[in-house]
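These notes concern the structure reproduced below.
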Amino acid sequence: MEYILIIISAVFVSNIVLNQFLGICPFIGVSSKVETAIGMTGAVTFVMVIATLVTYLIYHSVLVPLDIVYMRTITFILVIASLVQLVEIILKKISPPLYQALGIFLPLITTNCAVLGVAVLAVQKDFGLLESTVYAIGNAIGFGLALITFSGIREQLDLLNVPKRMKGVPIAFIVAGLMALAFMGFTGIV
Amino acid sequence: MNQWKNFSKGFIKENAVFVLFLGLCPTLGVTTSATNGLGMGLATTFVLVMSNLVVSLVKNLIPDKVRIPAFIVIIATFVTVVELVMKGYVPALFDALGLFIPLIVVNCVVLGRAEAFASKNTIWSSLVDGAGMGLGFTMALTVLGAVRELLGSGAFFGMKLISGDAMLLFILPPGAFLALGYLLVLANMIKEKTS
Amino acid sequence: MSMVATLFVVTLVAAGLLGSVFALTKEPIRLAELKKKNEAIQVVVPGFDNVPSQEVERIFMDGDSLYLYTARLGDEVLGTAVETFTNTGFSGEFKLMVGFAPDGSIIDIAVIKHSETPGLGDKMEKGKSDFSVQFMGKHPNSFNLSVKKDRGDVDAITASTITSRAYCDAVTRAYGAFMESQKNN
C-alpha cells in the first residue's frame, strides 16, 4: 500500500517537473514533438531507475560506512554520466534508428537535473532499496506524463496564432504554469 | 580578446536564462524571494569561475575522450565546496536553497561554459567569461526572485511592504512558470526596441 | 590507459581537496546545527542555565528518532524539549520542538523545519498566526490533541486542515516520547 502512495505522490502530487522544478531543460527543449518526448521519456526512465539503484547502493555501502558522505555529489554524477554512456552504446547496437532520433538529447540526460535530483532525494528521504526503486519509477512516470502531455499541447500551439513576442519559449512557460496550476489540484490526495 | 565584451555578454546579449534558456531548474525552483535568487546566483557564479579557471588550466593535460567526465568531476568538486561552506556559515540560506545546491553540478550553464569556452581559451579569458555569465545569471535570478517576492509575499528582500497576504500564487510552482514566461515576453519586447 | 589514469588523478586530487574542506568546515557545520537546535529549545523551554543539547535522550518511535533535551535552572528541571516529527504534512515531513513542563503540560511549541504551503500551512509558524498559542499551558490528558473536525480540541488553521492534523500528530508523538522517557527515568 505504501508503495502505491509513493507512486501516486511522485506522479501527481509532487510531480517532478511541475512541482519540484526538476527536468525543466528537456521539458522545454525536447517537447516540441510528441514522438521525441516519448523517446526521451524512455531513455530517462531507464537511466533514472538504474541510477537511483546504483547510487543508493554506493551511498549506503561505501560513502556512509567510510564517513565520506561529502563525496556524494561527485560519485552520484559520475554514476549517472557512465550510465548515459552505457545507454548510448547499447542503443547504438540495439536500435540505431532510435539512437539517431534521440541524437543530441541522449548525452543531455547527464545534465538532466531530474535524474540527479531523484537520486539525491531518495537518499535524503531515507528510503529503503525497494522504496527507492519505486520512487524512481514513479518519478520517471511523472516526468513522462508532464513531458508527453506538454508536447501534445505544444504541437497544437504551433498551429495557432500566438502573438509574436510570446512565440516559442515564453508561451511554453505560460502553458506550463497553467499545467502546474492544474496539477496543484492533486494535492491532498495522499 | 576584448575582455569587457567578454564579461558583459553574460548580462544581456548571451544571458543564460533570458537568451540561452540554460539553468532553468534553479531559476524556477529557488526564486521565491530576491535573497534566495541572489544567493543561488552567487553560489553558481563561484562554481562557474572556479571550474572555468581549473578547466582552462588543465585543458592540455586531459585526453579528449575523457574530457567531459573530467570536467564534471572538477565542477562537482567546487559544488561540494560550496555545499560545505554554505552549510557551515550561512545555514539559513543553505536550508532555503536545499536540493538545488548540489544540482549546480548539472546546471547546463556551468558545463556548457567549461566545454564551449574554458577548454579553448586562456585562463584569464575563461575567468572573465565565468564571472560575466555567472553574474548575468545572478541578475536574472535576483530579478525573477524580486518579482515573485513582491507579487507573492508583498515583500522585497525580506522586508514586508504590505500587511497580510499578497498573490500567493507567485510563490507557488505555477507562479514560477507564469512569472518567467511573462518576463521572457518583456525581454523579447526589450530586444525588439534595442535592435 | 592514459584516459583512465587521467580521470583517476583528477578524482584523487578532487577527493583530497574536498577532504580538507570537509575537515575545515566540520566544526562550523556542527556549531550551526547546534545553534538552530538551541534557539528552538530557548523558545519552548525558556530560562535554562545548562546546555540542554548536551543532555539528550534518544527515543526510537514510528520508524524514526525523537530527541529529548533536558533544560535546567540550577538543580531544578525546568522542562524537557522534545524534537519531534510528522510525515503526514501537506508537503511531507516537518519537525517541531515541543516544550513540556515536568508535569507533562505543554509550555510552548516551535517549528524547526517544514515545507508547507506559504500563506496556508506555514501559518503554524509562530510569527504568522496564533495557531500555536492554543497549545500553551495545556495538558495532553485534558486537551484532546486532534482538530475539532476529528472531535478534538484543536482549532485548525483555516483551509489547512492537513497541516493542522500533521501538527497534532507531531505533538502527540512528542508526548508519547516524553511519557516513555518519564517511565525510563
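The values are calculated or read from the model by the stated rules, or taken from the named source; none is laboratory data. Bear in mind the structure is a predicted one, so any value in this text is a computation, not a measurement. Neighbour counts run over all protein chains shown; Cβ positions are idealised from the backbone, glycine included.
Out of curiosity, is B:P63 free of Cβ contacts under 8 Å to residues at least 12 places away in the same chain and either under 23 Å from A:L22 (Cα atoms) or within 14 Å of chain C (Cβ to nearest Cβ) (or both)? Yes. Within the span defined as the range C:83-103, every residue fails to be over 25 Å from C:D169 (Cα atoms) and not in a strand (DSSP E or B). Count of the range A:102-144 residues, restricted to those that are within 30 Å of C:S65 (Cβ to Cβ) and either under 11 Å from the mean Cα position of the chain (by Cα) or away from every other protein chain (no Cβ under 14 Å) (or both), is 13.
Please state which one of B:F156, B:F117 is surrounded by fewer than 24 Cβ atoms within 10 Å (Cβ to Cβ) and under 21 Å from A:C25 (Cα atoms). Going through B:F156, B:F117 in turn, just one is surrounded by fewer than 24 Cβ atoms within 10 Å (Cβ to Cβ) and under 21 Å from A:C25 (Cα atoms): B:F117. The combined condition, being modelled with pLDDT of 85 or more and assigned to a helix (DSSP H, G or I), is not fulfilled by A:L159. Within the range A:59-92, the residues that satisfy the criterion of being more than 14 Å from chain B (Cβ to nearest Cβ), more than 19 Å from the chain's Cα centre (by Cα) and β-branched (V, I, T) are A:V62, A:V64, A:I90. Only one of the numbered conditions (1) more than 14 Å from chain C (Cβ to nearest Cβ); (2) over 16 Å from B:L38 (Cβ atoms) is not met by B:F78, and that is (1).
Every condition in (1) surrounded by fewer than 21 Cβ atoms within 10 Å (Cβ to Cβ); (2) modelled with pLDDT under 90 is met by C:E116 except one, and the failing one is (1).
Do any residues in the range B:90-109 that are more than 19 Å from C:A32 (Cβ to Cβ) have Cβ atoms under 6 Å from those of residues that are among the polar types (S, T, N, Q), where the two are at least six apart or on different chains, and which pairs are they? Once the first residue is more than 19 Å from C:A32 (Cβ to Cβ) and sits in the range B:90-109, its partners that are among the polar types (S, T, N, Q) give B:I104/B:T44; B:V105/A:T73; B:V106/A:T111; B:C108/A:T111. Inspect all residues belonging to the range B:96-116 and state whether any of them is among the charged types (D, E, K, R), closer than 28 Å to C:G16 by Cβ and away from every other protein chain (no Cβ under 11 Å). Looking for residues that are among the charged types (D, E, K, R), closer than 28 Å to C:G16 by Cβ and away from every other protein chain (no Cβ under 11 Å), one finds at least one in the range B:96-116, hence yes. For the range C:104-138, how many residues meet the condition of being away from chain B (no Cβ under 13 Å), more than 14 Å from C:R165 (Cα to Cα) and aliphatic (A, V, I, L, M)? Residues meeting the conditions: 6. Within the range A:13-28, the set of residues being more than 8 Å from every other protein chain (Cβ to nearest Cβ), more than 22 Å from C:G89 (Cα to Cα) and in a loop (DSSP other than H, G, I, E, B) is empty. Among the residues of the range C:1-29, just one is of a type in the set (F, W, Y) and either more than 29 Å from the chain's Cα centre (by Cα) or loosely packed, with under 11 Cβ neighbours inside 10 Å (or both), namely C:F8.
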